[in-house]
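Working notes, structure below.
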Amino acid sequence: MTHSLVAALLAVGTMLVTGCGDDAASGDRPRVVEDPPRMDLDGDPPYGPGVEAGEAYDYVLYTHCGIEWAPIDGVWWHTDRVDDGNANPPEGWGTPFDAGTLAVEADDRATYTSDTGIEVEFRRTEITEAPFTCV
């Protein structure tokens, strides 16, 4: 997936998210994200290069087609696929984006924690082009 396609997906996601319900986090509902960040690997940390092990970052995870890949530190990080069996995020996750915190635990390991408390661990790869297609 090219950067322009990712940007287009983010634009569509922004339109979908800004038109949806209450934006207050409830502790058991995902927080509505009105302005998801660009997932530009050339950008600032935590998406672009420069993350530091031992640090935690605000992070917005793209979840629309399930959870499997995340842009972190200028490359794509991977986790075992998490979805509802129909290529959607499971119940409890925000869609198309989920807001939370990314804790970079080591140079090759990070844990994303949703505002609802759901956690998923990502492992670093050296992939720089989006390794998935989601429509």
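Give the ranking of Tyr112, Tyr62 by solvent-accessible surface, highest area first, calculated with a 1.4 Å probe.
Putting Tyr112, Tyr62 in descending order of accessible area: Tyr62, Tyr112.
Protein-only accessible surface at a 1.4 angstrom probe places the residues Trp69, Trp77 in the order Trp69, Trp77, largest first. Computed with a 1.4 Å probe over protein heavy atoms only, the accessible area of Arg29 comes to about 110 Å². Per residue, segment 51-121 exposes 42 Å² of solvent-accessible protein surface, assessed with a 1.4 angstrom probe and all protein chains in place. Using bins of 10 Å that start at zero, the share of Cα-Cα pairs per bin across segment 38-104 amounts to 23, 51, 24, 2, in whole %.
The values are calculated or read from the model by the stated rules, or taken from the named source; none is laboratory data. For clarity, every value in this text was computed on a predicted model and none was experimentally measured. Heads up: the accessible areas ignore ligands, DNA and RNA and are worked out on the full protein's heavy atoms, side chains in. Shrake-Rupley method; radii C 1.70, N 1.55, O 1.52, S 1.80 Å.
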